[in-house]
Amino acid sequence: MNPFIFTQSKDLDGVLAALSAGEARPIAGGTNLLDLMKEGVMRPSQLVDINGLKIEGLDLDQVALDEQGGLLLGALARNADTAYDALVRERYPLLSSAILAGASPQLRNMASNGGNLMQRTRCVYFYDVGTACNKREPGTGCPAKDGVNRQHAILGTSESCIATHPSDMCVALRALDATVHVQSSSGKRQIPFADFHRLPEDRPEIDNTLQPGELITHITIPQAERFMAHSAYIKVRDRLSYAFALVSVAAALDVDAGGTIKAARIALGGVAHKPWRVEAAEAQLVGKAAGEQAFAAAADAILHGARGYGHNDFKLTLAKNAIVQALTSAARGTDIASGSDRDPEGENA
């Protein structure tokens, strides 16, 4: 690990000034950043501990209702506290289920909400500094395309990169139309979640649209009461706990008493460089009877243009089946006993 300067600050102006200069990075839980530093993948010149940061009028540790009746997630609130918060469990069970499907209890206790959004891909070539990687060193190539790519993307890929985004929480946030609130020395900015993460195109080293010197302060989610009764998060992985998704699906439905779909939200993880959502596929479900035929058609629309790279060809079938399964589970109704109220690893709330 390269030497670096470590500072702590409770002052927003001081933090923003540090982030605007050089290769400084904020650190809260550090569950991903420290791994990257130990492997030599990231080499910040300075770490700024923001755990004690104070912003007037905003509690960075809070999970609360916002002024519009939606949900406000402080950037420094821990993933575990967010998942088990009464407001989240009751009103946003999809988010709770997604968070509890990720990592391990120990990591969720440390990981911050803001840091979760900033996770970098877990591509083996990205982590191995002895290999080429366009994400780590632009212009050196993407060995995953012809190499070991079982975990890699089938949607939104480019000639430069086929890596996937690793977060479970972000998949639910994309389905729920979240907004990321950031601040810099120049002022405040709101970024729709759909625009926060980016596809690799010819600049895979840039994971998101956060600008230099900007800091995530909080995340907001609009009211989602209509989806409370019919949501599901399905994560297909190699083992039940502490494993990244081969394919994951966040599904939420608004269904009337007769079983007709009034609205749908579907987002995928493990298949692209960012959480993947196709609003046109959701729209084609509106007015249809909730059932396998409609769900399979929506899955085909979501996966239009998907391609495998050899080892991950199985994801083409797996993703369709997972979408149908998630929508079928959501249509049956949110399962509180096995959803947001119980840790997938068996740690009861």
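What follows is calculated from the coordinates using simple rules that are stated; it is not laboratory data. Bear in mind the structure is a predicted one, so any value in this text is a computation, not a measurement. Positions of Cβ are backbone-derived with ideal geometry, glycine not excepted, and every protein chain shown enters the neighbour counts.
Helix-only arithmetic for the chain: the sum of -39500 (n - 2.57) across DSSP H runs with n ≥ 4, divided by the residue total, places the mean residue ellipticity at 222 nm at -7000 deg cm²/dmol.
Three principal axis extents of the chain based on alpha-carbon atoms, in descending order, are 60, 50, 37 Å.
Under the simplified labelling scheme, the Ser104-Lys145 pair shows an inter-label distance of 3.6 nm, with each label point 7 Å from Cα along Cα→Cβ.
For region 1-131, the residue among Val41, Ser9, Val129 whose Cα projects farthest onto the positive side of the dipole built from Cβ charges is Val129. Loop-located trypsin sites (Lys or Arg not before Pro) in region 107-163 (DSSP state not H, G, I, E or B) with no more than 13 neighbouring Cβ atoms inside 10 Å do not occur. Say the dipole of the chain comes from +1 at the beta carbon of Lys and Arg and -1 at that of Asp and Glu; which of His152, Ala267, Thr82 then lies farthest toward its positive end? Selected residue: His152.
Share of pairwise Cα-Cα distances greater than 20 Å in region 3-127 is 49 percent (whole percent). Estimated at 0.36 nm per residue, the fully extended path between Glu90 and Ser186 surpasses their Cα-Cα distance by 30.9 nm.
Please check the chain for the longest run free of chymotrypsin sites (Phe, Trp or Tyr not before Pro) that are loop-located per DSSP (anything but H, G, I, E, B) and have at most 16 other Cβ atoms within 10 Å.
Values: sites that count: Phe4, Tyr242.
So the longest stretch without any such site is 5-241.
The label point for Ala229 and the one for Ala194, both projected 7 Å from the Cα toward the Cβ, are 2.7 nm apart.
Only alpha carbons enter this Debye calculation for region 153-206, each as an equal point scatterer, and the log10 of I(q)/I(0) it gives at q = 0.24, 0.31 Å⁻¹ is -1.00, -1.15.
For region 59-221, the spread of Cα coordinates along the three principal axes comes to 48, 37, 25 Å, biggest extent given first.
For Cα pairs less than 8 Å apart in space and 6+ apart in sequence, what is the mean separation divided by the residue count of region 1-90, i.e. the relative contact order in percent? Kindly include the intermediate steps, with their values, before the conclusion.
Numbers: 121 pairs, mean separation 25.3, N = 90.
It comes to 28 percent, rounded to a whole number.
For the chain, what relative contact order do you get, as a whole percent, if you take Cα pairs closer than 8 Å and at least 6 residues apart?
Working: 801 pairs, mean separation 62.5, N = 349.
In percent, rounded to a whole number, it is 18.
Maximal additional length on extending the Gln8-Ala21 stretch stands at 3.1 nm, based on 0.36 nm per residue less the C-alpha distance.
Of Lys188/Lys274; Lys54/Lys188; Lys38/Lys235; Lys135/Lys315; Lys135/Lys320, which sit over 18 Å apart, Cα to Cα? Cα-Cα > 18 Å for Lys188/Lys274; Lys38/Lys235; Lys135/Lys315; Lys135/Lys320; rest within.
What is the ratio of the Cα radius of gyration of region 229-332 to 2.2 N^0.38 Å, where N is its residue count, to two decimals? Could you put the intermediate results ahead of the total?
Working: Rg = 13.4 Å, N = 104, 2.2 N^0.38 = 12.8 Å.
Cα-based Rg divided by the globular estimate yields 1.04.
Using every pair of distinct Cα positions in region 68-138, the Kirkwood expression returns a hydrodynamic radius of 13.9 angstrom. When +1 charges are put on Lys and Arg Cβ atoms and -1 charges on Asp and Glu Cβ atoms, the dipole computed for the chain relative to its Cα centre reaches about 620 debye.
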